[in-house]
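Below: one structure, written as structure tokens.
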Amino acid sequence: MDLIVNYSAVSDEMKDMIELAMNQWTSLTCVRFVETGGNTLSFLNFRTDRDGCYSFVGRQATITGQDVNLGPGCDKVKSCSIVGC
């Protein structure tokens with residue numbers, strides 16, 4: 001059985017990097033990512049409007065999703081470590 005992780009759309013500038021990290025997960029695990037546009041209570045909200053790379057550790061179920069920031073100063077290696085390459 002697949003484990004579904006919902007996420008909201010990311011900016012075009014980071015989308016390729018995020019999809020690379022997601023593809024690593026889906027190729028090696030039962031985790032599948034589904035773009036929902038934030039239409040669920042629990043989802044990853046990828047953003048690029050703040051400096052640095054960060055997110056909470058563990059699931060944060062909120063109406064605005066769990067922020068995963070991949071802003072200025074975040075490169076491919078750091079982005080993969082946040083998503084989990």
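Entry remark, the range 28-49: residues being modelled with pLDDT of 80 or more, surrounded by 13 or more Cβ atoms within 10 Å (Cβ to Cβ) and part of a loop (DSSP other than H, G, I, E, B) number 4 in total.
Residues in the range 4-19 that are closer than 13 Å to Phe43 by Cα and out of contact with any helix residue (DSSP H, G or I) (no Cβ under 7 Å at 6 or more places or on another chain): Ile4, Val5, Asn6, Tyr7, Ser8, Ala9. Within the range 59-75, restricting attention to residues that are over 15 Å from Ile4 (Cα atoms), exposed (fewer than 14 other Cβ atoms within 10 Å of the Cβ) and not β-branched (Val, Ile, Thr), the residue that is modelled with the lowest pLDDT is Asp75. Among the residues that make up the range 8-15, is at least one of them assigned to a strand (DSSP E or B), at pLDDT 80 or above and closer than 27 Å to Gly73 by Cα? Within the range 8-15, one or more residues are assigned to a strand (DSSP E or B), at pLDDT 80 or above and closer than 27 Å to Gly73 by Cα.
The values are calculated or read from the model by the stated rules, or taken from the named source; none is laboratory data. This one's a predicted model, so the numbers in the text were calculated from it and none came from an experiment. All Cβ positions, glycine included, derive from the backbone under ideal geometry; neighbour counts span all protein chains shown.
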